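Presented below is the structure to which this report refers.
Read-outs throughout are calculated quantities, based only on the coordinates presented, and are distinct from any laboratory measurement. Please read these numbers as outputs of a predicted model, since none were measured by experiment. Cβ placement follows ideal geometry from the backbone for every residue including glycine, while neighbour counts extend to all protein chains displayed.
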Amino acid sequence: MFAFIVRRFLQAVFVMLVISLIGFSIQHQIGDPVRDLVGISVSKKEREALREKLGLNDPFFIQYGRFLKKALHGDLGRSFFYKKPAVDVILSKAPATLELVFVTSILVIVFSIPLGIYCAIFPKKFLSRLIMGASVVGVSIPVFLTAIMLIYIFSVKLGVMPSFGRGELVHIGGYWYSGLFTWDGLKHLVMPSIALTSIMLPLFVRLIRAEMMEVLESEYIRFAWAKGLKPKRIWFVHAFKNTLLPVITVGGVQLGTLIAFTILTESVFQWQGLGFLFVEAVERADTTLLVSYLIFVGFVFVLINTLVDIIYGLVNPMVRITGKK
Amino acid sequence: MDKLLEVKDLVVKFALRTGTLTALNGINFSLLPGERMGLVGESGAGKSVAGFSIINLISKPGFIAGGEVIFEGEDISKYNFEQMRSIRGNKISMIFQDPMMTLNPVLTIGTQMTETLLAHKQMSKEEATEIAIECLKKVYIPSPETRLKQYPHEFSGGMRQRIVIAISLLTTPKLIIADEPTTALDVTIQAEIMDLLLELCIKEKMGLILITHDLGVVSQTTQKIAVMYAGRIVEKGKTLDIITNPKHPYTQGLIKALPQTHKKGEKLYQIPGIMPNLNQIPSGCPFHPRCTFKKDICSQIEPSLKSVDKGEVACHLYA
Ligand SMILES: Nc1ncnc2c1ncn2[C@@H]1O[C@H](COP(=O)(O)OP(=O)(O)OP(=O)(O)O)[C@@H](O)[C@H]1O
Ligand SMILES: [Mg+2]
């Protein structure tokens, strides 16, 4: 198991190197640090001198090395628009997104597991067909449309829900301002997280159902019936534990989808998080910030996938013992 | 002596999209307590369906369409789910074909053993563990205490089948249904597992229904044989009688096809043709297109089982 964790860690480092290389290439190609520093009102000659001084005429990999070294010290450059270190900008926006993702994940987990299991056990029942039908509708309505509909109904027509922003926040420490501890903050979280859940929940219900149905067909489940076990034990212990493995794996991958959908959700609800920041950065051609966002998201993605793999290892005895899969 | 099991005119059908398929066409057999019977026939004859239908565990679109399964005097085929559950794994245990697939990969052997006991008997986990250890000893698994904490993938195929056998022993059942318990195993281990099963059946006075296409295995293990063809029993009798003096041309073919009976240098015998699909069974005797002794009547009227000598045969040759 230890060897397994070490190997997973090395893989994660490698992936981060690749991401940073891609990020740096983008910055190298389309970014202009001189503009970011002094604006456009400086003469060409002065700019050239500055370029030389900043080492921007050095070979690509020397510059990349410098970039990497700084990055390891938590320096990804300065945001042209915010006039602040890009990392600071990102860290100040991250809590908003993390809270949204956190609440959404809880909603998805709490609802997808019982619904998915139910649909797998009783595929022919009316309720299962209803859930499966609804899930098709759910995945096919674009998330921004759901968001706009929610705003239209609950904010514009009924006027019971706030339509944008995070509401009243509480300072937790550092960059962390949280909306989880005030009534107003929670109220603001409701619609964005429902919009996000509307797209993620159907994906997971279908995934859990499909995996569980496959497991229920297996020989060891038939043997469990032949042993005369109670149905609850067969479903929730024998079948669900085996369903969990593929779901955990796919769940890690679905994180990418979730990030993509946060960008849309945050835009519609003017949620001051990373997705919103990303759209802003694109509009303002804030290359440094954009690249920092990519690297940060890449980092979170790799981190969570590594954790997911390790959790997988803990659930699956096969990996736990041999360190292989 | 009272019969342990009596299967009467059992009909099993599969409700498929394309129509209903009759997999068992009214089969009859019975077993005395502690008696061992072999159920043989080619692939697709309905042996597994017959075995599983006893505990009403036929795979999905399959269902019992008629007949009775009388176990210890009660027709268990009419039992509701909870009643049947108290029979499964308790009074009637099953052993499956492939031990690599039978055990749940994410649960320890200990869990998979004790849960069976706890599902049927009022006892503590500790008592269940005691019994599990006892049963692992009976199937000669060394250091059972530590083995209980391990997962299936830490055992070889032969060991896993021993564990499956140990699971089947836990509740001291009256009957074990073993569906090709050695086919998935290495040839070298096959005999070992069969010997173990036989030894345990005799020691614990358990009845055995051994499902296999290998007449050789059956001849060494069982006291009687039922030969199946296309969802029917075409011959029944004492093992010795059937092996030495098979009546039905199909049984004769099966015995002729045994590697043990074939002489060096000769080509291994095979019954010509293949068994028909269950949805296109020929009229008359289902075996007649492959039969070397067929007469006119064979394609017209289906023969029923009739007593011939000490056994029973469904064949017009003995009319
Ligand atoms: N799940 C199923 N769906 C549809 N038909 C089935 C199903 N299971 C079995 N059958 C039908 O029942 C017939 C008998 O199947 P069974 O598994 O009992 O054969 P068998 O004698 O055990 O053969 P084998 O030696 O290959 O195990 C098959 O030929 C098939 O037509
Ligand atoms: Mg079979």
(Q) Contact order normalised by length for chain A, with contacts defined as Cα pairs under 8 Å and 6 or more residues apart; what percent is it? (A) 27 percent
Q) Taking a spot 7 Å from the Cα of B:Lys3 along the direction of its beta carbon, which residues of the stretch B:219-248 have an amide N less than 18 Å from it? A) B:223-228, B:232-239
(Q) Starting from the 7 Å offset along Cα-to-Cβ, what nm value, one decimal, do you get for the label separation of B:Gln150 and A:Val315? (A) 2.6 nm
Q.
For a 19 Å ceiling on Cα separation, which of these pairs sit above it: B:Lys91/B:Lys121; B:Lys3/B:Lys137; B:Lys13/B:Lys294; A:Lys124/A:Lys241; A:Lys230/B:Lys138; B:Lys236/B:Lys295?
A. B:Lys3/B:Lys137; B:Lys13/B:Lys294; A:Lys124/A:Lys241; A:Lys230/B:Lys138; B:Lys236/B:Lys295
Q) Can you give the charge dipole size of the stretch A:89-322 about its Cα centre, rounded to the nearest 20 debye, using +1 on the beta carbon of Lys and Arg and -1 on the beta carbon of Asp and Glu? A) 1120 debye
Q) Which one of A:Val34, A:Gly251, B:Leu5 is farthest out on the positive end of the charge dipole of the protein assembly as shown, using unit charges on Cβ (Lys, Arg +1; Asp, Glu -1) and the Cα centre as origin? A) A:Val34
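So if each residue of separation counts as 0.36 nm, and I subtract the Cα-Cα distance between B:Glu130 and B:Ser283, what length gain in nm does that give?
Fully extending the segment from B:Glu130 to B:Ser283 adds 49.4 nm.
Arrange the following residues from fewest to most other Cβ atoms within 10 Å of their Cβ: B:Ile167, A:Ile295. List each step's numbers first, then the result.
On the way: B:Ile167 28, A:Ile295 22.
Lowest count first: A:Ile295, B:Ile167.
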Q. Taking the Cα centre of the stretch B:167-319 as the origin, how large is its charge dipole in debye, to the nearest 20, when only Lys and Arg (+1) and Asp and Glu (-1) carry charge on their Cβ atoms?
A. 540 debye
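Can you give the calculated 222 nm mean residue ellipticity of chain B, where each DSSP H run of n ≥ 4 adds -39,500 (n - 2.57) and the sum is split over every residue, rounded to the nearest 500 deg cm²/dmol?
After summing the helix terms and dividing by the residues of chain B, the value is -8500 deg cm²/dmol.
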Q: Specify the residue with the greatest mean-square fluctuation among A:Gly77, A:Gly273, A:Gly173, computed from a Gaussian network of chain A linking alpha-carbon atoms under 10 Å apart.
A: A:Gly173
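Calculate, in whole percent, how much of the Cα-Cα pair population of the stretch B:1-96 lies beyond 17 Å.
Values: 2298 of 4560 pairs.
The answer is 50 percent, as a whole percent.
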Q | For B:Phe81, net neighbour charge (Lys/Arg +1, Asp/Glu -1) across residues whose Cβ lies under 11 Å away | A | +2
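Would you mind getting me the FRET efficiency between B:Gln300 and B:Asp75? Use the beta-carbon distance for r and R0 = 45 Å, nearest 0.05. It would help to have the intermediate numbers written out before the result.
Details: r = 35 Å, r/R0 = 0.77.
Computed FRET efficiency for B:Gln300 and B:Asp75 comes out at 0.80.
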Q: Set Lys and Arg Cβ to +1 and Asp and Glu Cβ to -1, take the dipole of chain B about its Cα centre, and tell me which of B:Pro289, B:Leu197, B:Gln122 lies farthest positive.
A: B:Pro289
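Can you tally the net charge around A:Phe14? Count Lys and Arg as +1, Asp and Glu as -1, for every other residue whose Cβ sits under 13 Å from the Cβ of A:Phe14.
Numbers: positive: A:Arg7, A:Arg8; negative: none.
Its environment carries a net charge of +2.
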Q: Between A:Met149 and A:Val110, with labels modelled 7 Å along Cα→Cβ, what's the label distance in nm to one decimal, could you check?
A: 2.2 nm
Q. Using modelled amide H (1.01 Å from N, peptide plane; none on Pro or chain starts), what sits under 5 Å from the amide H of B:Gly67, excluding residues fewer than 5 places away?
A. B:Val11
Q. For the stretch B:95-161 and the stretch A:209-265, what is the separation of their Cα centres, given in Å?
A. 24 Å
(Q) As an exercise, find the ratio Rg/Rh for chain B from alpha-carbon atoms, using the Kirkwood inverse-distance average for Rh. (A) 0.99
Q | Alpha-carbon centroids, the stretch B:248-316 and the stretch A:76-130: separation in whole Å | A | 65 Å
Q: Determine which aspartates and glutamates satisfy two conditions relative to B:Lys125: a Cα distance under 13 Å, and not lying fewer than 8 residues away in the same chain.
A: B:Glu115
Q) Which value in nm describes the separation of the simple spin-label points at B:Thr292 and B:Lys267, placed 7 Å from the Cα toward the beta carbon? A) 1.3 nm
Q. If all Cα-Cα distances of the stretch A:208-325 are sorted into 5 Å bins from 0 onward, what percent lands in each bin, rounded to whole numbers?
A. 2, 10, 14, 15, 13, 11, 9, 8, 7, 5, 3, 1, 1, 0
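Can you pull the percent of Cα pairs in the stretch B:153-198 with separation above 17 Å? Walk me through the numbers on the way to the answer.
Values: 309 of 1035 pairs.
Percent of Cα pairs beyond 17 Å in the stretch B:153-198: 30.
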Q. In whole angstrom, and with the biggest value first, how far do the Cα coordinates of the stretch A:2-85 range along each principal axis?
A. 58, 29, 20
Q | the stretch B:1-98: trypsin sites (Lys or Arg not before Pro) in DSSP loop, at most 12 other beta carbons within 10 Å | A | B:Arg17
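Just how large is the dipole of chain B about the Cα centre, in debye to the nearest 20, putting +1 at every Lys and Arg Cβ and -1 at every Asp and Glu Cβ?
On the way: 36 positive and 33 negative charges, 139 e Å.
For chain B, the charge dipole is close to 660 debye.
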(Q) No solvent, one uniform scatterer per C-alpha: report log10 I(q)/I(0) for the stretch B:100-241 via the Debye equation at q = 0.14, 0.17, 0.19 1/Å, two decimals. (A) -0.70, -0.96, -1.14
Q: Could you please report the charge total around B:Ile109, scoring K, R as +1 and D, E as -1 over all other residues with beta-carbon less than 10 angstrom from its beta-carbon?
A: +2
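From largest to smallest, what semi-axes in whole angstrom does the stretch B:34-183 give when each is the square root of 5 times an eigenvalue of its alpha carbon gyration tensor?
Working: eigenvalues 148, 71, 35 Å².
Output for the stretch B:34-183: semi-axes of 27, 19, 13 Å.
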Q: Just the Kirkwood number for the stretch A:7-148, please: inverse of mean 1/r across all distinct Cα pairs, in Å, one decimal.
A: 20.1 Å
Q) What number in nm² do you get for the protein assembly as shown if you take the convex hull of its Cα atoms and divide its surface by four? A) 41.2 nm²
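Give me A:Val42, B:Val11, A:Val247 sorted ascending by neighbouring Cβ count inside 10 Å, so fewest comes first.
Working: A:Val42 14, B:Val11 17, A:Val247 21.
Listed from fewest to most nearby Cβ atoms, that is A:Val42, B:Val11, A:Val247.
Taking a ≥ b ≥ c as the square roots of the Cα gyration tensor eigenvalues, with a/c under 1.5 meaning rounded and otherwise prolate when a/b beats b/c, else oblate, which class fits the stretch B:98-164? The partial results should precede the final answer.
Numbers: a/c = 1.89, a/b = 1.44, b/c = 1.31.
Prolate.
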Q) In deg cm²/dmol and to the nearest 500, what is the mean residue ellipticity at 222 nm of chain A if only DSSP H runs of at least 4 residues count, each as -39500 (n - 2.57), divided by the residue total? A) -24500 deg cm²/dmol
Q) So for the stretch B:42-120, Kirkwood radius off the Cα pairs, Stokes-Einstein at 4 °C and 1.567 mPa s: how many µm² s⁻¹? A) 90 µm²/s
Q) So what's the stretch B:173-319 giving for Cα Rg divided by 2.2 N^0.38 Å, two decimals? A) 1.14
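With N set to the residue count of chain A, report its C-alpha Rg divided by 2.2 N^0.38 Å to two decimal places.
Compactness ratio reported: 1.21.
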(Q) Given N residues in the stretch A:65-195, what is its alpha carbon radius of gyration divided by 2.2 N^0.38 Å? (A) 1.43
